[in-house]
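Below is one structure, written out as structure tokens, with a few remarks after it.
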Amino acid sequence: MKKTLAFFAIAAFLPTFTARADKLTFGNEGVYPPFSMVDASGKLTGFEPELAREMCKRMDAECDIVVMDFKALIPSLLQGKLDGVVSQITPTSECVGKVLFSRILLQNLYSFVIPVNSNYVFTKEGLQGVKIGLTRGGAPAKYIVDTFGDAILPVWYDNQDQIKIEMLNGRVDMTFGARINWRLGLIDKPEGKAGKWRRKPSGSAIRKHPKTSVASAGSSAPATKSCWSG
């Protein structure tokens, strides 16, 4: 099977979103390390917000980054509350035509994160009754639900940190998400090694997923829950 892919890319703007804008407002979830997180001083840091700030600097525009739940990013963009979303967004068929997407800057593979000694078979039969922690509004979550249907027991969360806590406490069996984030956020950390978590080997990864980009400026199309992001 082909590897599932996610990509990160810079925002692409509508014609009215020009370098002469006095102020640009971006949306970001703020809880997606190492790409987005709030440091001890309360400042939003990471690759995504720093990218947004550099864009604003080059366009001589004031930069405002609004932190919100991931699932609210695309609806807020479509409602005109944001000029763009600086985050990893998958251009699914539901989203294309409603928002613009940029060129790709970074590739981030999706993987299952499972206990070291587990022996799951990644079919509907093999995952029957398994609790999988998923992020609300994410394209990986949509893929899992579409692929495994009612065989699995999806458990919904707002961000990766919540899923991590639940996995360490044994309340969910596994998750499915961006490889870089889970390696740095759990697997390579002391608590991850102590809990013996690992990624599902890439040789048995699932099918290729649509590319993921940083979101674009919105159009006049109405917000819809079917426009998944992540």
- XL table Lys131/Lys164; Lys71/Lys193; Lys23/Lys57; Lys23/Lys43; Lys142/Lys196; Lys81/Lys164; Cα-Cα > 22 Å flagged, in table order, is Lys71/Lys193; Lys142/Lys196; Lys81/Lys164
- Item | Whole-Hz ³J(HN,Hα) from phi, Karplus 6.51 cos²θ - 1.76 cosθ + 1.60, for region 164-174, glycine and proline x | 4, 4, 5, 5, 5, 8, x, 8, 9, 8, 6
- Note on the structure: A chain fully extended from Ile165 to Leu184 at 0.36 nm per residue, minus the present Cα-Cα distance, gains in nm 5.4 nm
- Message: I'd like the FRET efficiency for Val66 and Glu125, computed as 1/(1 + (r/R0)^6) with the beta carbon distance as r and R0 of 45 Å, rounded to 0.05.
- Response: 0.55
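Values in this text are rule-based calculations from the coordinates and carry no lab data. Bear in mind that the values here come from a model prediction, so they are computed numbers and not experimental data. Reconstructed Cβ throughout: ideal geometry from the backbone, glycine too, with neighbour counts over all protein chains shown.
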